[in-house]
1. Residue-wise, which Karplus ³J(HN,Hα) couplings in Hz belong to region 54-62, taking 6.51 cos²θ - 1.76 cosθ + 1.60, θ = phi - 60°, and x for glycine or proline?
2. Sorted by average packing, counted as other Cβ atoms within 10 angstrom per residue and highest first, what order do 117-124, 76-83 take?
3. Along Cα→Cβ, 7 Å out, is where each label goes; now give me the distance between the ones at A130 and F80 in nm to one decimal.
Amino acid sequence: MYERESEQVTRRVSRHDHDVPESVVERVDRATLATDTVSDRHHAAVLVNRAVYLVFGVITGLLLIRFVLKALGASENAAFTSFIYGLTEPLLAPFAGMFGTPATEQGSVLELHTLVAIIVYALLAWVISAALNLLLSPRRTVA
């Protein structure tokens with residue numbers, strides 16, 4: 001069924017063709033309009049999903065960098081380290097105090113709540129994306 005509809009849409013019929021009945025021209029025009037609307041809606045859904053995954057990808061990436069820096073005992077006096085810690089502190093606030101933070105004498109810290117935050121933010125991105133897909137994806141009816 002979809003192949004026949006797409007064939008009708010791809011065959012552009014001009015009103016200037018005198019051999020084509022007017023009813024065929026109207027049917028093709030309507031099919032083109034309906035396809036364009038579905039295509040536009042699908043394109044919007046894809047863009048919104050990409051934006052959601054971009055934002056949450058940056059968040060989880062920053063948290064992963066923080067986890068590695070803490071585990072390796074990076075100096076908080078370094079500009080990059082303090083920058084990452086400053087950015088990620090508000091993101092970790094809901095998870096702070098969830099677990100103890102075992103540390104070594106060399107300064108390495110195992111922040112388990114950071115790992116939990118990474119998992120939670122990844123799941124949140126997936127849930128938001130799935131919800132947006134339900135709301136924005138084009139509806140198709142099967143005849």
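1. Karplus-based 3J(HN,Hα) across region 54-62 equals 5, 4, 6, x, 5, 4, 5, x, 4 Hz.
2. Those peptides, ordered most packed to least, come out 117-124, 76-83.
3. Taking the simple label geometry, A130 and F80 are separated by 3.7 nm.
Values quoted throughout were computed directly from the atomic coordinates according to the rules given, and no laboratory measurement underlies them. Note that the coordinates shown come from a computational prediction; the quantities given were computed from them, not determined experimentally. Here Cβ is always computed from backbone atoms with ideal geometry, including for glycine, and neighbour counts include all displayed protein chains.
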